[in-house]
Ligand SMILES: [Zn+2]
């Protein structure tokens, strides 16, 4: 769907920001609740360091906040404006979705955060 060199390809497939081939997370299952947030220490393909420095991923909370607000506004427009739903059912629906989508927002925020600082480098296999 996307060019393999595109950051969007790498983000949607949870791949390394540097080579777009190695897996960023230990597991590819968003809902493996024991390991959904576990990162590989280094890229298994290009050896890019994913653990950069202590506290590096605190900045991902800002990305997570942005994703959550964007999702909330989109859901509000869909339910309250298009389907004329009241506020209370909207808040209940939003709460259920936010809990259900928490692992996905968590992972996307981390991988978007690292993509802001690590650029794609063509990796040549020997
Ligand atoms: Zn890599």
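The values are calculated or read from the model by the stated rules, or taken from the named source; none is laboratory data. Just so it is clear, the model here is predicted, and its values are computed rather than measured. No Cβ is skipped: glycine too gets one built from the backbone with ideal geometry, and neighbour counts run over all protein chains shown.
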Breaking point among (1) modelled with pLDDT of 95 or more; (2) under 15 Å from residue 117 (Cα atoms); (3) out of contact with any helix residue (DSSP H, G or I) (no Cβ under 6 Å at 6 or more places or on another chain), for residue 52: (1)
Residue within the stretch 2-14 that is in contact with a helix residue (DSSP H, G or I) (Cβ under 7 Å, 6 or more places away or on another chain), assigned to a loop (DSSP other than H, G, I, E, B) and either more than 16 Å from the ligand (Cβ to nearest atom) or at pLDDT 95 or above (or both) present: yes
Only listed residue being under 12 Å from the mean Cα position of the chain (by Cα), surrounded by 13 or more Cβ atoms within 10 Å (Cβ to Cβ) and without any contact (Cβ under 8 Å) to a residue 40 or more places away in the chain, chosen from 79, 101: 101
3 or more residues over 14 Å from residue 11 (Cα atoms): qualifying helices (runs of 4 or more DSSP H) within the stretch 57-126: 60-76, 87-100
Any hit, the stretch 22-32, residues being surrounded by fewer than 12 Cβ atoms within 10 Å (Cβ to Cβ), more than 16 Å from the ligand (Cβ to nearest atom) and part of a loop (DSSP other than H, G, I, E, B): yes
Test: residue in the stretch 39-56 that is in a helix (DSSP H, G or I) and either more than 11 Å from the chain's Cα centre (by Cα) or without any contact (Cβ under 8 Å) to a residue 24 or more places away in the chain (or both): yes
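Just for the stretch 1-21: of the residues that are surrounded by fewer than 11 Cβ atoms within 10 Å (Cβ to Cβ) and without any contact (Cβ under 8 Å) to a residue 12 or more places away in the chain, which one is nearest to residue 99 (Cα to Cα)?
The residue in question is 1.
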